[in-house]
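Chemist: Take a look at the following structure, please.
The numbers here are math on the coordinates, done by the rules we state, and not lab data. Small disclaimer: the values here were computed from a predicted structure and weren't measured. Glycine gets a Cβ as well: all are built from the backbone with ideal geometry, and neighbour counts include every protein chain shown.
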Amino acid sequence: NADAAMYRAKELGKNNCQFYAQEMNASLEEKLALMEGLRRAVDDKQLRLLYQPKVDLASGQVFGVEALIRWQHPERGMVRPDLFIPLAEESGMIVAIGEWVLREACRQARDWQDAGLPPISMSVNVSPRQFDDRRLVARVAAALAEAGLEPGWLELEVTESLIMRDVQQAVDKMRELEGMGIALSIDDFGTGYSSLAALKSFPISRLKIDKSFVRDLAHSADDQAIARAIISLSHQLQMRVIAEGVETEQQRAFLTQYGCDEMQGYLFSKPVPPEDIGAMLARSAHDTKG
Ligand code: C2E
Ligand code: MG
Ligand code: MG
Ligand code: MG
């Protein structure tokens, strides 16, 4: 943090102090510039969604996609969500951005259905500030109604840390969403601090094994143990379990062997534009018919 950096800088002498001060200004300036740009991004149509297929292991079929946001910045090119989502969260802009994501994702899901493609589930990431918004449930309902999408096709992904901050409040809101017919899943599972006792009170249909446990699955006995534990926990709690970040055949084989239900990762497809998903669904519908 800034105080610690200044303290360190003072200890190192004047030149270094200036160096640290400059560095801090640069990153603050950078942050402000990005935030300023982000404010216009929705209206200027610089945001778009890519979709990454989720594959069911038993059938080998794409049963859903996750919507992943991209910001096409006029000067910087593509800005990664890991960089701007935290800024949007910090500034509160995530509420407006998140609403755009919800509406766009629901509209897209409905478009595929209207094109006669086999219906799939649409997952949307929801960040803490967006979840806390008093109007979240109304916004979700409006996005579904506007698109004419049945709630059963929408899934919201929340993180462990989000739901564990205030368990009762999160349970209440999630029950409300579940009551509307929307599915809920826990993203990046294993990286936060879940109370296992609390976990069973949430209306969750699916846990997502974080990709940090998948990456070294072929070699790390620890990661193997963690992945197996999450698979078993999910099934004990009557939930489905999906692994994210699956890149290799070895990872797929291990996860299959231990009963993981679903997978998502570069092995199947990276996040792609909507046309590519449409083509993928059309192919699979054709293959199924024979
Ligand atoms: P996430 O929800 O955990 O999404 C998974 C991330 O892993 C995505 O990064 C995806 O592109 C990446 N990924 C997928 N398969 C693989 C793989 O095989 N290997 C590796 N190394 N990575 C893989 P992305 O798209 O950069 O998104 C990063 C994070 O930004 C997301 O993590 C999510 O937390 C957040 N995010 C993305 N879109 C939205 C959004 O619309 N709203 C909110 N609130 N957050 C979003
Ligand atoms: Mg996610
Ligand atoms: Mg994730
Ligand atoms: Mg993640």
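Chemist: Return P(r) of region 56-191 (all Cα-Cα pairs; 5 Å bins starting at 0; whole %; ordered from short to long distances).
Modeler: 2, 9, 18, 22, 20, 15, 9, 4, 1
Chemist: Also, quick follow-up: Restrict the search to region 87-154; then list the trypsin sites (Lys or Arg not before Pro) that DSSP places in a loop and that have at most 14 other Cβ atoms within 10 Å of their Cβ.
Modeler: Filter output for region 87-154: 134, 135.
Chemist: Mind checking the log10 I(q)/I(0) for the chain at q = 0.10, 0.11, 0.12 Å⁻¹? Debye, one equal scatterer per Cα, no solvent, two decimals.
Modeler: -0.61, -0.73, -0.86
Chemist: Pairs 200/270; 45/270; 31/208: which are spaced more than 27 Å apart, C-alpha to C-alpha?
Modeler: The pairs that break the limit, which is 27 Å between Cα atoms, are 200/270; 31/208.
Chemist: Something else about it: Working out 0.36 nm times the residue gap between residue 172 and residue 44, then minus their Cα-Cα distance, what length gain in nm do you get to one decimal?
Modeler: Stretched fully, the residue 172-residue 44 segment lengthens by 42.5 nm.
Chemist: Give the distance, in whole Å, between the Cα centre of region 92-145 and the Cα centre of region 152-229.
Modeler: The two parts, judged by their Cα centres, are 19 Å apart.
Chemist: Something else now. With each run of n ≥ 4 DSSP H residues scored as -39500 (n - 2.57), what mean residue ellipticity at 222 nm is computed for the chain after dividing by its residue count and rounding to the nearest 500 deg cm²/dmol?
Modeler: -16500 deg cm²/dmol
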